[in-house]
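To keep things clear, I will list the structure first and then write my remarks on it.
The values are calculated or read from the model by the stated rules, or taken from the named source; none is laboratory data. Since the model is a prediction, treat every value here as computed from it, not as a measurement. Here Cβ is always computed from backbone atoms with ideal geometry, including for glycine, and neighbour counts include all displayed protein chains.
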Amino acid sequence: MLSVREVTTAYQGLVAISAVSIEVEKGEIVCVAGANGAGKSTLLKSIAGAERPRSGTVTFDGKRLDGMAQHHITATGIAYVPENRRLFPRLSVRDNLRLGSYLYRGEANREQPLDLVFTLFPRLQERLEQRAETLSGGEQQMLAIGRALMTRPRLLMLDEPSQGIMPKLVDEIFQAVKRIRDAGMTVLIVEQRMAECLEIADRAYILQTGRVLMQGAASEIKGNPDVRKAYLGL
């Protein structure tokens, strides 16, 4: 489905990822984990078109994405929820969600994905008329994911969805990720909270200083003694 081959990308003049290769198959949850500054966010930006790789290739269902404009990448079926969420703070929850469905403007079923969004995050339905800036951090993350789902993606990419939110809501969001996969989507998730990420993932990659340090089944990586000591504190 998604193939990243030997991608090198510089961010603010410095090489952030170097010769990184990952594969994501249809129906998987794939976790990319690592410490802050490992290059995880740059990897997602390179796939989404927010950063242009210096070298290497990114393909999605056989179509080359590297060099393609970001809105064209979205139209191929990839939704990207960035680390800072990029909500419109003074717009309502309803309007933020509707902005996610711009690809289907003019169509009678434009708001069809709302059923899934409200099933995953019922509190958004309760707050439809509230401005996004009035929501808690966790609720804003739910809104950002909900808006991405309005694009009807085949691949959902999440950058640090647990960052800056209460532990209780972190669990809700990780459970929602599993349900999104069960609804037929593929998920690529970047996280520092490695234990929680490995718990829901099928496969995982660990990045360190811009390179792939380790890859494999999530259960195998979680049980690796070096990983348990260095990243899980066990």
Long-range neighbours under 6 Å by Cβ, at least six apart or interchain, first residue assigned to a helix (DSSP H, G or I) within region 125-144, second among the charged types (D, E, K, R): Gln140/Arg85; Ala144/Arg85
Identity of the residue in region 21-41, closer than 15 Å to Leu65 by Cα and surrounded by fewer than 23 Cβ atoms within 10 Å (Cβ to Cβ), that ends up farthest from the chain's Cα centre (by Cα): Ser21
So Ser101, is it at pLDDT 90 or above, surrounded by 14 or more Cβ atoms within 10 Å (Cβ to Cβ) and of a type in the set (S, T, N, Q): no
Qualifying residues in region 53-78 (those that are in contact (Cβ under 8 Å) with a residue 40 or more places away in the chain, surrounded by 13 or more Cβ atoms within 10 Å (Cβ to Cβ) and among the polar types (S, T, N, Q)) - the one nearest to Val24 (Cα to Cα): Thr59
Test set (1) crowded, with 21+ Cβ neighbours inside 10 Å; (2) closer than 20 Å to Ile78 by Cα - Leu124 fails condition number: (2)
Subset tally (residues that are crowded, with 19+ Cβ neighbours inside 10 Å and either closer than 25 Å to Met1 by Cα or modelled with pLDDT of 95 or more (or both)) for region 104-115: 1
Matching residues, region 193-225, being of a type in the set (D, E, K, R), touching a residue at least 60 places away in the same chain (Cβ under 8 Å) and closer than 26 Å to Pro167 by Cα: Asp202, Arg203
Matching option when the condition is in a strand (DSSP E or B) and in contact with a Ser or Thr (Cβ under 7 Å, 6 or more places away or on another chain), among Val190, Val170: Val190
Residue among Ala79, Ala75 that is at pLDDT below 95 and under 27 Å from Met142 (Cβ atoms): Ala75
Condition broken by Ala132, with the remaining ones in (1) crowded, with 21+ Cβ neighbours inside 10 Å; (2) at positive phi; (3) not polar (S, T, N, Q) satisfied: (2)
Residues (over 20 Å from Ala183 (Cα atoms) and of a type in the set (Lys, Arg)) located in region 153-168: Lys168
Residue in region 137-149 that is crowded, with 16+ Cβ neighbours inside 10 Å, farther than 23 Å from Lys178 by Cβ and of a type outside the set (Lys, Arg) present: no
Unmet criterion (only one of (1) surrounded by 14 or more Cβ atoms within 10 Å (Cβ to Cβ); (2) touching a strand residue (DSSP E or B) at 6+ places or on another chain (Cβ under 7 Å); (3) small (Gly, Ala, Ser)) for Ala50: (2)
Count of region 174-229 residues which are modelled with pLDDT under 95, among the hydrophobic types (A, V, I, L, M, F, W, C) and more than 18 Å from the chain's Cα centre (by Cα): 4
